[in-house]
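The values are calculated or read from the model by the stated rules, or taken from the named source; none is laboratory data. Worth saying up front: this structure is predicted, and the values here are computed from it rather than measured. Quick reminder, even Gly has a Cβ in these numbers, built from the backbone with ideal geometry, and neighbours come from all protein chains shown. The protein model used for the area step is the full one, side chains on, heavy atoms only, and it has no ligands, DNA or RNA in it. Shrake-Rupley method; radii C 1.70, N 1.55, O 1.52, S 1.80 Å.
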Amino acid sequence: MRQVSKKRAAENRVRAAVVAEMYPERPRCACGCGRLADDVQEILSRARGGSITDGANFAPLARFCHREATDEAPWAYAKKLVVHSWEAPRG
């Protein structure tokens, strides 16, 4: 049984290529904690209309920080590492 659809698998390949191009070396966490980034956070989640293939929607985060940001920690909103759909730039 297929884990993801063909369309989602293609999006994931594009995302991986964009991430590899943007971050050829492991960057520091965008929250400012000083840790090396383990993950790439989508600032505007796909559920809120964000793209998983647009590099402008990415922020490198350490695993700990990524978990907290995904749980919608207030600091993540304050640092614009997570945004609501109504705060997203239109264009």
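Restricting the search to the range 26-73, which residues are of a type in the set (Val, Ile, Thr) and either open to solvent by 20 Å² or more (accessible area, probe 1.4 Å) or at pLDDT 95 or above (or both)?
First, the residues of the range 26-73 that are of a type in the set (Val, Ile, Thr): 40, 43, 52-53, 70.
Correct list: 40, 43, 53, 70.
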Discussion item. Among the residues of the range 21-47, what is the count of those that are within 13 Å of the chain's Cα centre (by Cα) and either among the charged types (D, E, K, R) or not in a loop (DSSP other than H, G, I, E, B) (or both)?
Written reply: 8
Discussion item. Given the criteria outside any loop (DSSP other than H, G, I, E, B) and in contact with a helix residue (DSSP H, G or I) (Cβ under 9 Å, 6 or more places away or on another chain), does residue 82 qualify?
Written reply: no
Worksheet item: Based on what the data block shows, is residue 76 exposed (fewer than 12 other Cβ atoms within 10 Å of the Cβ) and either without any contact (Cβ under 8 Å) to a residue 60 or more places away in the chain or of a type outside the set (Asp, Glu) (or both)?
Response: no
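One line per residue, one yes/no per condition, for (1) within 21 Å of residue 80 (Cα to Cα); (2) among the acidic types (Asp, Glu); (3) out of contact with any helix residue (DSSP H, G or I) (no Cβ under 7 Å at 6 or more places or on another chain):
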| residue | (1), (2), (3) |
| --- | --- |
| 6 | no, no, yes |
| 13 | no, no, yes |
| 16 | no, no, yes |
| 34 | yes, no, yes |
| 41 | yes, no, no |
| 44 | yes, no, no |
Worksheet item: Which residues, taken from the range 1-20, are open to solvent by 90 Å² or more (accessible area, probe 1.4 Å) and not in a helix (DSSP H, G or I)?
Response: 1, 2, 3
